[in-house]
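Right, one structure below, let's go through it.
The values are calculated or read from the model by the stated rules, or taken from the named source; none is laboratory data. Remember, it's a predicted structure, so these values are computed and weren't measured experimentally. Here Cβ is always computed from backbone atoms with ideal geometry, including for glycine, and neighbour counts include all displayed protein chains.
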Amino acid sequence: MKIFIYALSILAIMSTKYVNAENEINNKNVATEMSTIVITGTRESKLKSDVAESIGVISSEEIQSTSPAHPSEILNRIPGVHINKTSGEGHMSSIRQPITTGGVYLFLEDGIPTRPSGFFNHNGLYEINLPQAERIEVIKGPGSALYGSDAIGGIINSITRVSPSNNELDVKVEHGEYRWKKALISSGAPLSEDTSFRLNLNLTDNEGWRDESQYTRSSNTLRFDTIIDENITAKTIATYNVIDQSSTSSISESDYKNNPTTNYDHNDLGKREVEAMRISTEVSYEPNNKTLYSVIPFFRDNHMMLMPGWMLSYDPNIRDYNFQSYGALFKQREKFLNGELIMGVDIDYTESTYLEMDITTTKNGDIYTAYAYTGTLHYDYDANQTSISPYIHSEYNFSPRFKFTGGLRYDHFNVDYKNKLSTVTSGYKIRPASQDISWNHASPKLGLLYKINDKEMIYANYRHAFRTPSVNQLFRSGSTVNTTSLEPVETDSFEIGFRGQLMNWLNFDSSIYHMTKRNDIVSIIDDSDRKITNAGKTTHQGIELSLNGILTEQLKFSSAFTYTKQEYDTFSAIVSGTQRNYDGYDIAKAPKTIGNLTLTYTPKKFNNSSISLEWEHLGKYYVDETNTDEYNGHDLLNLRANYTLDKNMDIYFRMMNVTNKLYSTYASKTVGSSAVKYRPGSPRMVLVGLNYSF
């Protein structure tokens, strides 16, 4: 935290030096926070000055200049957001929540959830083609009434690139250490006077810097844009993602410090194979400038084979997940003199199967070297889920500067679960009997915003949200009794924000929030087992701040800083037969501070060329609920450079972790051990790339 304050102090001194020369610099003025366009809140374009929520926006230009190899490299520039790295492009998220695998985030593509509620995957961003997105928006905290279960910690919405009006071809190729190879190809053209298309391909192959950590990924995004007539448009998006990812294990402190390339999972133990397909068509009818009708039918088909690497030591198994979703998002918007009204209903029907097979493993010292099927099935069940969610969202302008927003969403969920094996009520593999489970929940949303002037505004909101237990938490019980009685998580979030621009060159966006969660679903290590339970009550509060602007005609900066305090209010659990009380304890894996500062230098002599230096900060956190061991956090430096050869070609360079610092992307305790295990982050890595536009 001190480092971040020092860095901001230096920027303030530099800005004082240059602000007097403001009138001498033609391009000193920058676009204000107020004029930024956002889409996610209502699935329509709005000025950020009309939005009473904390939202971060990453532009197409920033995505292109950063050329992220992992979602963390672009998303961690937003205040309040920390995405870590696990295997390949795998990750966990921390947005107003601890670093968690829990389903408290909603991942969207063009406003459509990439997975149904109850089927959350903490690695879900690798099923979205972020490096070729047009823009990325992140809502922090619960979303508006247009979004339901899972939208608690935040919403990440990737927006695809529109189809071009002329023939277009962009090719980007990368090569780096550890056989890093990547090709991004984007091609598009008009098919007729009214229809055009764009095809994006993302092909990634990486041997990995740790032992046996290979990773491949193929992402294909096809988009069609059609003007049916002057009032009706259609947008069709089809995506297909294939991920083949080896496991990289957590390792002991000794190996972490002395041999961080060590990986305990060899020969595909802990592997993950994913196929994710989605297709949707959005039809919008706008008969006049006040009324809009839209419908988005969609289909999802997802298959994953997974050998959980974290369970190899105490419960080795292979899992086969499958689900297919059919649904539609219906929306009507009506504008009137002093505001607007949005009404709609989201419908999602998902059929899923889950099969879990028992395996045995072979070890050589600490290294898992082989596995074999035993022929025993732990679980075999179907779970078909229906969700129907009507909502209403309203905005009313009391005056040109003062606006009220309000909304209400009602979610109905029904899960039809059928167990195909014998019922087991106790022991290490409890299997619930076939049954139906239903939830009904209403989520109110309120907001106020006041425009102080044309460049500054303040807002406040209250948002209630919830998440249903995942299908896996309900029916893959392990040794936890009565998992089918898990309660949905409920959240009340209060937020105050202040954003705007100072002196025509400095943008700021700040927020203070307080979130209370009840019935949080947590995982507790009980000696040689892991159990799932509802926590009583937790609080999550913090301060988020972003500053960005132009220091000189050639030097600009962007920064993000977050301070959080997350703790258990009321929570107790039975561990090793003893009741333990965690009231007042810090929540494990909840970093106190998160920071990012990027300086970008664009010399006049080299048109459109630049060099940037980025500092990433992650503060310390406790590694388990007992608050006995801490990870001390880390600070990293990254260097990027882009050089324009001509109007069609540029080359770029990236050096990550410039100082070759030893750090861990995740530290925790594992089942059956009181020792802290570490997941080492990448050493210094160099990558070069070439981008050519035809």
Practice problem: Tell me, please, whether a residue that is touching a Ser or Thr at 6+ places or on another chain (Cβ under 7 Å), at positive phi and either part of a strand (DSSP E or B) or of a type outside the set (A, V, I, L, M) (or both) can be found in segment 209-232. | Solution: yes
Of the conditions (1) in contact (Cβ under 8 Å) with a residue 60 or more places away in the chain; (2) over 23 Å from T216 (Cα atoms); (3) surrounded by fewer than 24 Cβ atoms within 10 Å (Cβ to Cβ); (4) out of contact with any Asp or Glu (no Cβ under 7 Å at 6 or more places or on another chain), the single one that E53 does not satisfy is (3)
When every residue in segment 29-39 that is part of a loop (DSSP other than H, G, I, E, B) and modelled with pLDDT under 90 is compared, the one farthest from R135 (Cα to Cα) is N29
Out of (1) in a strand (DSSP E or B); (2) more than 30 Å from K290 (Cβ to Cβ); (3) touching a Ser or Thr at 6+ places or on another chain (Cβ under 7 Å), the one Y240 does not meet is (3)
**OP:** Answer yes or no as to whether L203 is of a type outside the set (V, I, T) and out of contact with any Phe, Trp or Tyr (no Cβ under 8 Å at 6 or more places or on another chain).
**Re:** yes
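Across segment 393-440, which residue is modelled with the lowest pLDDT among those that are outside any loop (DSSP other than H, G, I, E, B) and of a type in the set (A, V, I, L, M)?
So in segment 393-440, the residues outside any loop (DSSP other than H, G, I, E, B) come out as 393-397, 402-419, 424, 431, 435-440.
Add one more test, that the residue is of a type in the set (A, V, I, L, M), and what stays is 408, 415, 424, 437.
On the way: L408: 97, V415: 97, V424: 93, I437: 96.
Step by step, filter segment 393-440, then rank; the result is V424.
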Filtering segment 438-455 down to residues that are without any contact (Cβ under 8 Å) to a residue 40 or more places away in the chain and among the hydroxyl-bearing types (S, T, Y) yields S438
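Between T593, T665, T670, which is buried (at least 17 other Cβ atoms within 10 Å of the Cβ), modelled with pLDDT of 95 or more and touching a Lys or Arg at 6+ places or on another chain (Cβ under 6 Å)?
Values: T593 fails: touching a Lys or Arg at 6+ places or on another chain (Cβ under 6 Å); T670 fails: modelled with pLDDT of 95 or more.
From the options T593, T665, T670, the qualifying one is T665.
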Are any of the residues in segment 141-157 of a type in the set (G, A, S), within 30 Å of M685 (Cα to Cα) and either under 11 Å from the mean Cα position of the chain (by Cα) or in a strand (DSSP E or B) (or both)? no
Test: residue in segment 366-374 that is assigned to a strand (DSSP E or B), crowded, with 16+ Cβ neighbours inside 10 Å and not aliphatic (A, V, I, L, M): yes
Within segment 572-591, residues free of Cβ contacts under 8 Å to residues at least 40 places away in the same chain and part of a loop (DSSP other than H, G, I, E, B) come out as G577, D583, G584
Taking first residues from segment 172-201 that are free of Cβ contacts under 8 Å to residues at least 60 places away in the same chain and second residues anywhere that are among the charged types (D, E, K, R) and outside any strand (DSSP E or B), the pairs with Cβ under 6 Å that are 6 or more apart or on different chains are R179/E207; R198/R161
Would you say S187 is in contact with a strand residue (DSSP E or B) (Cβ under 6 Å, 6 or more places away or on another chain) and outside any strand (DSSP E or B)? no
All conditions in (1) surrounded by fewer than 23 Cβ atoms within 10 Å (Cβ to Cβ); (2) modelled with pLDDT under 95; (3) closer than 28 Å to Y417 by Cα; (4) over 12 Å from the mean Cα position of the chain (by Cα) are true of G118 except (1)
Next on the checklist: I'd like to know if segment 592-606 contains one or more residues that are on the phi < 0 side of the Ramachandran plot, touching a residue at least 60 places away in the same chain (Cβ under 8 Å) and touching a helix residue (DSSP H, G or I) at 6+ places or on another chain (Cβ under 7 Å).
Outcome noted: yes
Within segment 459-475, can one find any residue that is crowded, with 18+ Cβ neighbours inside 10 Å, modelled with pLDDT under 95, closer than 23 Å to R300 by Cα and among the hydroxyl-bearing types (S, T, Y)? yes
Restricting segment 244-280 to residues that are outside any loop (DSSP other than H, G, I, E, B) and among the hydrophobic types (A, V, I, L, M, F, W, C), the one surrounded by the fewest Cβ atoms within 10 Å (Cβ to Cβ) turns out to be I279
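Rundown of residues vs (1) among the acidic types (D, E); (2) crowded, with 17+ Cβ neighbours inside 10 Å; (3) on the phi > 0 side of the Ramachandran plot; (4) not in a strand (DSSP E or B), yes/no style:
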site: E282; (1), (2), (3), (4): yes, yes, no, no
site: N288; (1), (2), (3), (4): no, no, no, yes
site: W310; (1), (2), (3), (4): no, yes, no, yes
site: S313; (1), (2), (3), (4): no, yes, no, yes
site: R319; (1), (2), (3), (4): no, yes, no, no
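Residue-wise test of (1) part of a loop (DSSP other than H, G, I, E, B); (2) in contact with a Gly (Cβ under 6 Å, 6 or more places away or on another chain); (3) of a type in the set (G, A, S); (4) crowded, with 19+ Cβ neighbours inside 10 Å.
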| position | (1), (2), (3), (4) |
| --- | --- |
| T480 | yes, no, no, no |
| E490 | no, no, no, no |
| F494 | no, no, no, no |
| R499 | no, no, no, yes |
| G549 | no, no, yes, yes |
| E553 | yes, no, no, no |
| K556 | no, no, no, yes |
| A560 | no, no, yes, yes |
Of the conditions (1) more than 30 Å from S246 (Cβ to Cβ); (2) assigned to a strand (DSSP E or B); (3) in contact (Cβ under 8 Å) with a residue 40 or more places away in the chain, the single one that V295 does not satisfy is (3)
When restricted to G633, G619, the only residue more than 26 Å from G176 (Cβ to Cβ) and in contact with a Leu (Cβ under 7 Å, 6 or more places away or on another chain) is G633
The condition from (1) part of a strand (DSSP E or B); (2) within 30 Å of M357 (Cβ to Cβ) that T484 misses is numbered (1)
Note on segment 304-353: residues of a type in the set (V, I, T) and within 17 Å of Y381 (Cα to Cα) are I318, T350, T353
Checked segment 158-179 for anything part of a loop (DSSP other than H, G, I, E, B), polar (S, T, N, Q) and in contact with a Lys or Arg (Cβ under 9 Å, 6 or more places away or on another chain); matches are T160, S163
Of the residues in segment 149-175, those that are farther than 30 Å from Q97 by Cβ, crowded, with 21+ Cβ neighbours inside 10 Å and among the hydroxyl-bearing types (S, T, Y) come to S163
Filtering segment 73-89 for residues that are within 11 Å of the chain's Cα centre (by Cα) and in a loop (DSSP other than H, G, I, E, B) leaves a count of 2
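Condition check ((1) of a type outside the set (G, A, S); (2) part of a strand (DSSP E or B); (3) surrounded by fewer than 19 Cβ atoms within 10 Å (Cβ to Cβ); (4) at pLDDT below 85) across all residues:
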{"residue": "S511", "(1), (2), (3), (4)": "no, yes, no, no"}
{"residue": "H514", "(1), (2), (3), (4)": "yes, yes, yes, no"}
{"residue": "V522", "(1), (2), (3), (4)": "yes, yes, no, yes"}
{"residue": "I532", "(1), (2), (3), (4)": "yes, yes, no, yes"}
{"residue": "E544", "(1), (2), (3), (4)": "yes, yes, no, no"}
